[in-house]
1. So the check is Cβ under 7 Å with 6+ separation or different chains; which pairs have a first residue in segment 23-49 that's closer than 19 Å to GLU4 by Cβ and a second one that's basic (Lys, Arg)?
2. Conditions first: (1) open to solvent by 60 Å² or more (accessible area, probe 1.4 Å); (2) without any contact (Cβ under 8 Å) to a residue 24 or more places away in the chain. GLU71 passes all but one, so which condition is the exception?
3. Determine which single condition VAL36 fails, assuming it passes every other condition in (1) open to solvent by less than 80 Å² (accessible area, probe 1.4 Å); (2) assigned to a loop (DSSP other than H, G, I, E, B).
4. Among the numbered criteria (1) surrounded by 12 or more Cβ atoms within 10 Å (Cβ to Cβ); (2) in a helix (DSSP H, G or I), which single criterion is violated by VAL59?
5. Within segment 36-55, count every residue that is touching a Phe, Trp or Tyr at 6+ places or on another chain (Cβ under 6 Å) and closer than 12 Å to VAL67 by Cα.
Amino acid sequence: MAIEMDTSLPSIRFLQQYVKEHTPIELQTTTGDRLVGRLAWQDPIYFCIRDDGGHQYLVNRQLVVYVKPVEAPGDS
């Protein structure tokens, strides 16, 4: 049984804008880990964060405390 993404939810649409616009973000987890990069994609279970070094991290949505946009290095 597939889990469907509910695109009627404002949070899903909001985060999808970060994907489309390649917005740099900071993601904090319940374990205290802080990831900075770009949201590559999202599904009902995971976020994929890609850092500036090209590394990809899968983060379970249930572990996320917050996601916020950050200024990319060199942006002013």
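1. From segment 23-49, the pairs are ILE45/ARG61; TYR46/ARG61; PHE47/ARG61.
2. That leaves (2) as the condition not met.
3. It fails just one condition, (2).
4. Only one criterion is unmet by VAL59, namely (2).
5. First, the residues of segment 36-55 that are touching a Phe, Trp or Tyr at 6+ places or on another chain (Cβ under 6 Å): 39, 48-49.
Then keep just the ones that are closer than 12 Å to VAL67 by Cα; that gives 39, 49.
Total satisfying the criteria: 2.
Listed here are the residues, each with its yes/no results for (1) assigned to a strand (DSSP E or B); (2) among the polar types (S, T, N, Q); (3) surrounded by 10 or more Cβ atoms within 10 Å (Cβ to Cβ); (4) on the phi > 0 side of the Ramachandran plot.
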site: ALA2; (1), (2), (3), (4): no, no, no, no
site: SER8; (1), (2), (3), (4): no, yes, no, no
site: PHE14; (1), (2), (3), (4): no, no, yes, no
site: LEU27; (1), (2), (3), (4): yes, no, yes, no
site: ASP52; (1), (2), (3), (4): no, no, yes, no
site: VAL67; (1), (2), (3), (4): yes, no, yes, no
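The values are calculated or read from the model by the stated rules, or taken from the named source; none is laboratory data. Nothing here was measured: the structure is a model prediction, and the numbers come from that model. Counting neighbours? That spans all protein chains shown, and the Cβs are built from the backbone with ideal geometry, glycine included. Just the protein is used for accessible areas: all its heavy atoms, side chains included, with ligands, DNA and RNA removed. Shrake-Rupley method; radii C 1.70, N 1.55, O 1.52, S 1.80 Å.
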